[in-house]
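Written out below as structure tokens is the structure these notes cover.
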Amino acid sequence: MNDFGKLASGIITYDFPNDTGSYNTGYVSGWLETNLGELNGLTHEEFSGNASGNIEFASGSGLMPVEERIFRTLYELHYYQKSARESLRSFTYDSSVDWITIKEGDTTLQRQNKNSVAKTYRELEGIALERLDNLIFQYNSTKSSPLQVAGADGISSILTAEDN
């Protein structure tokens, strides 16, 4: 199995184990391959997929665990956005009347409506987006290095202090 397939299998098995019927490994790996550029844009890296479906970096290695986590979170965002759209689409185009609460005497029946399900997906999307922002910040801050050293702590200042 190639890198996209392994990553997709891990997402289905560990991130969405109860939802294996909706999106199969082929769908998830296709989404990952199509959206590799988004990972590159967020991480400022140059990952690419080769002819055999493996993920390569300019140096020839694949994704590190933190980069995989970022990529998995990107898919999670996509999943929640798509689920919210599908929920709202079924709410919008469904001709049946959707009841929320029925009361008769002391008995009350309450049911979730599709609009509240879509709101829940949006909340989950917000949580995943916040986690993605934190992962990207941590990733980029550990990859960055100073472009220059200037001032009293610079090299010329140290050399002149030792020469005297």
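Coordinate-derived values only; no laboratory data. Note that the structure is predicted; figures quoted are calculated from it, not measured. Neighbour counts are summed over all protein chains in view; Cβ atoms, including those assigned to glycine, are modelled from backbone coordinates with ideal geometry.
Starting from the Cα of Tyr27, move 7 Å in the Cα-to-Cβ direction to define the label point; list residues of region 1-15 whose amide nitrogen is under 14 Å from there. Only 9, 12-13 pass the distance filter. Compute the signed sum of charges (Lys and Arg +1, Asp and Glu -1) over the other residues within less than 12 Å, Cβ to Cβ, of Lys143. After counting each charged neighbour, the total is -2.
Amide H contacts under 5 Å for Asn54: Asp3, restricted to partners 5 or more places along the chain or on a different chain, H placed in the peptide plane at 1.01 Å from N.
Rounded to two decimals, the Cα radius of gyration of region 19-70 over 2.2 N^0.38 Å is 1.20. Partners of Lys119 within straight-line reach, counting lysines whose Cα lies under 20 Å from its Cα and excluding those fewer than 8 residues away in the same chain: Lys82.
Approximating the spin labels as points 7 Å out from Cα along Cα→Cβ, the Gln138-to-Leu109 distance works out to 4.7 nm.
For the peptides 74-81, 136-143, the ranking by mean Cβ contacts within 10 Å, running from highest to lowest, is 74-81, 136-143.
Each of Ile55, Gly10, Val66 was scored by the projection of its Cα onto the charge dipole of region 6-84, and the greatest displacement toward the positive side belongs to Gly10; charges sit on the C-beta of Lys, Arg, Asp and Glu. Placing a pseudo-label 7 Å from each Cα along the Cα-to-Cβ vector at Asn2 and Ser48 gives an inter-label distance of 1.4 nm.
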